[in-house]
Structure formats: structure tokens, C-alpha cells
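The values are calculated or read from the model by the stated rules, or taken from the named source; none is laboratory data. Because the structure is a prediction, the values reported are computed rather than measured. FYI the Cβ positions are ideal-geometry reconstructions off the backbone, even for glycines, and counts take in every protein chain you see.
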Amino acid sequence: MQRYFVLPEQIREGRVTIKGGDAHHIARVMRYKAGDVIIVCDNTGRELIVQLEHVWGNAVTGRVTTERTALSEPRLRVTLAQSLLKGDKFDWVVQKGTEMGVYQFWPFHAERSVVRLSDSKAAKRRERWHKIAKEAAEQARRGRIPEVSNPVRWRDVLDHIPLFDVAVIPHERERNQSLPSLWQSLSRVETCLIIVGPEGGFEAEEVNEAQQAGAYPVYLGPRILRAETAALTTIACTMWAGGEMEVTAE
């Protein structure tokens, strides 16, 4: 079944109203009719099975027949702090990270970041990233859309490290600890912060600052990875280590 995200206020007394682009998609692209069934999510991890009652080009209404918890939402809440990247690379990280279960994204400016966004450009980028995350969440059958924050400072990232059960910073010069070996030493983890640098990598001082704040530098193998590849590799390893790739009941 096709999946759509709505605001909680669009659900009233067992009825759902969908407008705008999603209504157009339902009526004109999918060509659904009254009686057809879709899944509606209110971005809280809840799924609603909705039978359509009225389908117009600019508005759709339906009746909730079943309510359930979205089983696709990870128990492990992974936040990705990713330095801003050139071109559309950050778009790609948001899309694939959403598919893989990332809870939220924090773009940030690192010392070697090439991209520097003004407030107006940052607002436009954030709107674009939210759209990408929404579409990826629908495709991946997620129960919520991950939040993408406005770009933050490196100091903001450092200040938030102690708030997580574990924080990791992949670094090509780390040789003492791999990501799998770190996870083997941890007890129950519910929140994880992954910190990934820009195309040119982190300055040594930044890695030291993160480590002093409580983050673990980790080794991702002998191959040098692009920033966007390092992000997705770390996400995948973290989800696997956290038990998020185990077989679950439907």
C-alpha cells in the first residue's frame, strides 16, 4: 500500500484529510478511487490504514479502519552529524540515511568545509532536505520523517556529545579501535551520535576535541572512503551492531 505522511491535525474523529501535493499524487498519479486503501502516518511512529471516501484533485478524505505501531522504526536512535558537502552529496546522504533508519540529521560547518551557507540559503536547503527525507521515508515504509536541523557550529556538536549513550567519529588515522570492536564493549545503547567530516577530512584538533568531549574515534578499514561513503558505512555498521537488521515479526 502507498504511504503518506500527514500532520496530526489532519486526523479528526477517525477521518483523515489530505491536501496539496499528496492529494494530487493520490488522485492524478496513483489514480486511486473511493474504496481504495492507503497507509497514513502522523510522524509519531503510528500507522493508520485508511479507506478512501472522497478523491478530488486537490483534496482527499478517508476513514481510519486500523491503527498500529510502525514496526520499521528502529529502537536505536541514530543521529548523524554530517559536515556540509559539495554539490548534491548531502542530499544523497539524507536520502540514503533516511532509508537506513537515521533518526535525525545535523549539518555542521567543519574547519575544512568548503560549503558555507548563509541563513537564507540554509533555509532553502533545509526545505529541500525535508522533502527528500519525506519521500525517502515513504519509500522505506518508515513511521516518521527524520528531522533535518539548520546547519550548526562545530561547538554545538561537541556540546551535545555527552547527551548520547555513545558517540563515534570515523577517522582514517585511527588504528586502536574499529567500530565493531567498540560495539562489543558496550552495554545497551539507545542513542548514538555519528560524526562525519567534510571531503578533506577533520583537522587533528577537531578529532581531539571530539574525543575529549566523549566521542570514540573509530577505524573503518584500510581503504580511504569519501565523506558520504563513510557516513553510510558507519550508519550500516551501527544499525547491524545495534540489532536493527535482525528478522522481526510482521
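Values for this structure:
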| read-out | value |
| --- | --- |
| Residue list for the stretch 41-64, filter: among the β-branched types (V, I, T) and touching a strand residue (DSSP E or B) at 6+ places or on another chain (Cβ under 6 Å) | I49, V50, V60, T61, V64 |
| Any hit, the stretch 224-245, residues being without any contact (Cβ under 8 Å) to a residue 60 or more places away in the chain, charged (D, E, K, R) and either in contact with a Lys or Arg (Cβ under 6 Å, 6 or more places away or on another chain) or over 25 Å from D156 (Cβ atoms) (or both) | no |
| Matching strands (runs of 3 or more DSSP E) fully within the stretch 79-198 where at least 2 residues are β-branched (V, I, T) | 166-170, 191-196 |
| Pair list, Cβ < 6 Å and 6+ apart or interchain, from the stretch 193-218 residues that are in the same structural domain as V93 (by TED's automatic domain parsing) to residues that are surrounded by 17 or more Cβ atoms within 10 Å (Cβ to Cβ) and among the polar types (S, T, N, Q) | L193/T79; I194/T234; V196/Q82; G197/S83; P198/S83; P198/S113 |
| Residue match in the stretch 202-214 (condition: closer than 30 Å to T69 by Cβ and among the aromatic types (F, W, Y)) | no |
| Boolean, F105 is crowded, with 19+ Cβ neighbours inside 10 Å, of a type in the set (F, W, Y) and over 27 Å from P8 (Cβ atoms) | no |
| Residue check, G35 touching a strand residue (DSSP E or B) at 6+ places or on another chain (Cβ under 9 Å), surrounded by fewer than 21 Cβ atoms within 10 Å (Cβ to Cβ), within 18 Å of R142 (Cβ to Cβ) and outside the structural domain of A210 (by TED's automatic domain parsing) | no |
| Pairs, first under 11 Å from V55 (Cβ atoms) in the stretch 9-34, second charged (D, E, K, R), C-beta under 8 Å, six or more apart | A34/E53 |
| Top-ranked residue of the stretch 57-78 - restricted to ones that are among the hydrophobic types (A, V, I, L, M, F, W, C) and assigned to a loop (DSSP other than H, G, I, E, B), ranked as farthest from A241 (Cα to Cα) | A70 |
| Set A123, A23, A70, A59: member being surrounded by fewer than 20 Cβ atoms within 10 Å (Cβ to Cβ) and in contact with a Cys (Cβ under 7 Å, 6 or more places away or on another chain) | A70 |
| Residue list for the stretch 48-81, restricted to those being over 30 Å from N150 (Cβ atoms) and aliphatic (A, V, I, L, M) | L48, I49, V50, L52, V55, A59, V60, V64, L71 |
